[in-house]
Amino acid sequence: GLGEEFGLPIGTNVEGKMAAALRRLGFDKVFDTDFSADLTIMEEAHEFLERVKNGGTLPLITSCSPGWVKYCEHYFPDMTENLSSCKSPQQMFGAVLKSYYAEKAGIDPKDIVSVSVMPCTAKKMEAGREEFIRNGSPDIDAVITTKELASMIRELGIQFPELEPMAPDMPFSIRSGGGLIFGTSGGVMEAALRRVAERTNTALQEIQYSGVRGVEGTKKFSIDIGGRTIHAAVVSGLGNAENLIRLIERGEEHFDFVEVMACPTGCIGGAGQPEGFLSDKVKRSQGLYTADKGALVKRSDENPVVMNLYEDGILKDRAHELLHVHYHGAAQD
């Protein structure tokens, strides 16, 4: 999306140029939120399996779209128990940054200013929610949109298309293909299914061609995972979400797992992105899948940095504290 603001072809991967631009803007460290998308999948896939095995509330409905979460709280309060307790990638990143990273780097968390670059205006609201303020300090201090970042780059006179790409900083620069595709409708679902499927190329291809991909507003499909048939739905746009939830409430549709994105076509069509037609968003989606195709690591549980946090790091004992939240049906301002 950022590349489009500077005349680059739609779907061009400008992650490296963005990292270079952010450093020129004065940031000391630049990390990749796709890393925390992998964290979200680790937790969400585990939560889904636990609900299936133990008779928990189904369908499990994704909670990484803050616009959708807010909508659900206000208009479908009885469905908040269906929402995943997993924080969004943005909020997971903030929590890990101001705990694990602060400790490793020897920095007081209060001396860290964390700024998210997001395609989404609702992320600004999410960062300010009281659930994500710990020890009197928000995990994410500020959120700027794609278009706002583009304006800042122009103000400094940075020639974005000419920038030499730079890699994000370690340790949060490694991500799986699953984390990469989070931004398009169906990406969260596909990443979660990859996590629980067998470790074979055949299994990945079955997921890819199951009906999970595409920019249609509503997608419904079934797929066999581990000897069980999973009935799933993917919706983007709050109108489509409302229609599907009402069908579920009336018992006319039954699903195990539902992905909801507030914005049509998912985060690639977010309100903080450059305006574009549906054909433009299709190209953005294709850009993410092209990057996924070239990713050496496909599954979130194959991300070595993520697995280190679980095996030897802070998430070994504090995963639920740092990565989960409970949403309530009561309207919140």
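Check L288, L323, L296 and return the single one that is buried (at least 21 other Cβ atoms within 10 Å of the Cβ) and over 23 Å from T145 (Cβ atoms). Please lay out each step first, then the result.
Working: L288 fails: over 23 Å from T145 (Cβ atoms); L296 fails: buried (at least 21 other Cβ atoms within 10 Å of the Cβ).
Being buried (at least 21 other Cβ atoms within 10 Å of the Cβ) and over 23 Å from T145 (Cβ atoms) holds for just one of L288, L323, L296, which is L323.
Residues of region 174-203 being surrounded by fewer than 16 Cβ atoms within 10 Å (Cβ to Cβ) and among the polar types (S, T, N, Q), which ones?
Of all residues in region 174-203, those surrounded by fewer than 16 Cβ atoms within 10 Å (Cβ to Cβ) come to 198-202.
Selection gives T200, N201, T202.
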Condition first: touching a Pro at 6+ places or on another chain (Cβ under 6 Å) and part of a helix (DSSP H, G or I). Can you find one or more residues in region 253-265 that meet it? no
Filter region 226-251 for residues that are open to solvent by 20 Å² or more (accessible area, probe 1.4 Å) and part of a strand (DSSP E or B); the one that is nearest to P59 (Cα to Cα) is H231
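Kindly evaluate H254 against the criterion of being in contact with a Ser or Thr (Cβ under 6 Å, 6 or more places away or on another chain), surrounded by fewer than 22 Cβ atoms within 10 Å (Cβ to Cβ) and not basic (K, R). Reasoning before the result, please.
On the way: in contact with a Ser or Thr (Cβ under 6 Å, 6 or more places away or on another chain): no; surrounded by fewer than 22 Cβ atoms within 10 Å (Cβ to Cβ): yes; not basic (K, R): yes.
When the stated conditions are applied, H254 does not pass them.
Okay, residues lined up against (1) assigned to a helix (DSSP H, G or I); (2) touching a strand residue (DSSP E or B) at 6+ places or on another chain (Cβ under 8 Å); (3) buried (at least 24 other Cβ atoms within 10 Å of the Cβ):
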residue: P9; (1), (2), (3): no, no, no
residue: T12; (1), (2), (3): no, no, no
residue: A19; (1), (2), (3): yes, no, no
residue: L22; (1), (2), (3): yes, yes, no
residue: S36; (1), (2), (3): yes, no, yes
residue: E44; (1), (2), (3): yes, yes, yes
residue: R51; (1), (2), (3): yes, yes, no
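Would you check if P304 is out of contact with any Cys (no Cβ under 9 Å at 6 or more places or on another chain), touching a residue at least 24 places away in the same chain (Cβ under 8 Å), more than 25 Å from E198 (Cβ to Cβ) and open to solvent by 30 Å² or more (accessible area, probe 1.4 Å)?
no
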Counting only residues in region 208-217 that are open to solvent by less than 60 Å² (accessible area, probe 1.4 Å) and at pLDDT 85 or above, the one nearest to S36 (Cα to Cα) is identified as V212
Requiring at least 1 residues that are without any contact (Cβ under 8 Å) to a residue 60 or more places away in the chain and among the polar types (S, T, N, Q), the helices (runs of 4 or more DSSP H) wholly within region 72-133 are 89-96
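What about E164, is it open to solvent by 20 Å² or more (accessible area, probe 1.4 Å), assigned to a helix (DSSP H, G or I) and either charged (D, E, K, R) or on the phi > 0 side of the Ramachandran plot (or both)? Please lay out each step first, then the result.
Numbers: open to solvent by 20 Å² or more (accessible area, probe 1.4 Å): yes; assigned to a helix (DSSP H, G or I): no; either charged (D, E, K, R) or on the phi > 0 side of the Ramachandran plot (or both): yes.
So E164 does not fit the description; no.
The values are calculated or read from the model by the stated rules, or taken from the named source; none is laboratory data. Here the structure is a predicted model, which is why all the values come from computation and not from measurement. Virtual Cβ from ideal backbone geometry, glycine too; neighbours counted across all protein chains shown. The accessibility values were calculated without ligands, DNA or RNA, using every heavy atom of the protein model including side chains. Shrake-Rupley method; radii C 1.70, N 1.55, O 1.52, S 1.80 Å.
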